1. Does residue 100 satisfy the condition of being surrounded by 15 or more Cβ atoms within 10 Å (Cβ to Cβ), aliphatic (A, V, I, L, M) and touching a Cys at 6+ places or on another chain (Cβ under 8 Å)?
2. For residue 89, work out the one condition from (1) assigned to a helix (DSSP H, G or I); (2) modelled with pLDDT of 85 or more; (3) of a type in the set (A, V, I, L, M, F, W, C) it doesn't fulfil.
3. Kindly establish whether residue 142 is out of contact with any Pro (no Cβ under 7 Å at 6 or more places or on another chain) and part of a helix (DSSP H, G or I).
4. Return the pairs, sorted by first residue and then second, in which the second residue is at pLDDT 90 or above and surrounded by 10 or more Cβ atoms within 10 Å (Cβ to Cβ), the first residue lies in region 36-58 and is among the small types (Gly, Ala, Ser), the beta carbons are less than 6 Å apart, and the residues are 6+ apart or on different chains.
5. Considering each residue of region 49-75, count those that are among the small types (Gly, Ala, Ser) and within 15 Å of residue 109 (Cα to Cα), and give that number.
6. Just to be sure I understand, how many residues within region 110-125 are surrounded by 16 or more Cβ atoms within 10 Å (Cβ to Cβ) and either of a type in the set (Ser, Thr, Tyr) or at pLDDT below 85 (or both)?
7. Tally the residues that are in contact with a Phe, Trp or Tyr (Cβ under 8 Å, 6 or more places away or on another chain), β-branched (Val, Ile, Thr) and either at pLDDT below 65 or part of a helix (DSSP H, G or I) (or both), restricting the search to region 1-53.
8. Could you tell me whether any residue of region 59-80 is within 19 Å of residue 112 (Cβ to Cβ), more than 18 Å from the chain's Cα centre (by Cα) and of a type outside the set (A, V, I, L, M)?
Amino acid sequence: MANKEVKKRLIFESYKKRNLISSDCGQRKTVSRRARSIKEKCSMTVTIFLGLDNHFYLSKNSCLDHCYHPRQQSESILRGQKDMASGDFDLLTLLCSVNVSPMQICQIMEQVKGPEGGTYQPKRVYDINQRTEDLKNFAIGLLPESNDAVKTIAKLER
């Protein structure tokens, strides 16, 4: 049985043979970067095995810790309803009630929050508005399966 240093050296040599680690360790053809050395490689490994009872299990040899990953830019982080404060959500509901388009709402939210606040997608804003409307309709006794005529009559009676 070889010790850990010998195993690391053998793994390093196999990486060299497969050109996974080169001497310059420059940027790949994609936007990501490879590890500069074997010591800076992410240690996350997931090992799953099938038990005798036909259930999959996570091995004790798995390591779920990430390391050596670059930080993500705040502008590229997508934001949703969970990331909104109550004031942001009130602003979104107000803008939806005056029939502002989801694209314009996204632009307004990005202006209010600034570039470090992340990015809001129009589809997510539309989905948040739809969920809010469904909850309001449910509160007045309308089910999602109700047709537009029933919803209109219920809102007019209210």
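The values are calculated or read from the model by the stated rules, or taken from the named source; none is laboratory data. It should be emphasised that the depicted structure is a prediction, and the values quoted were computed from it without experimental measurement. Methodologically, a virtual Cβ is constructed for each residue, glycine included, from the backbone with ideal geometry; neighbour enumeration extends over all protein chains shown.
1. So residue 100 does not fit the description; no.
2. It fails just one condition, (2).
3. The answer is no for residue 142.
4. 51/57
5. 1
6. Matching residues across region 110-125 total 6.
7. Final tally of qualifying residues: 2.
8. Checked against the condition, which is being within 19 Å of residue 112 (Cβ to Cβ), more than 18 Å from the chain's Cα centre (by Cα) and of a type outside the set (A, V, I, L, M), region 59-80 yields no hits at all.
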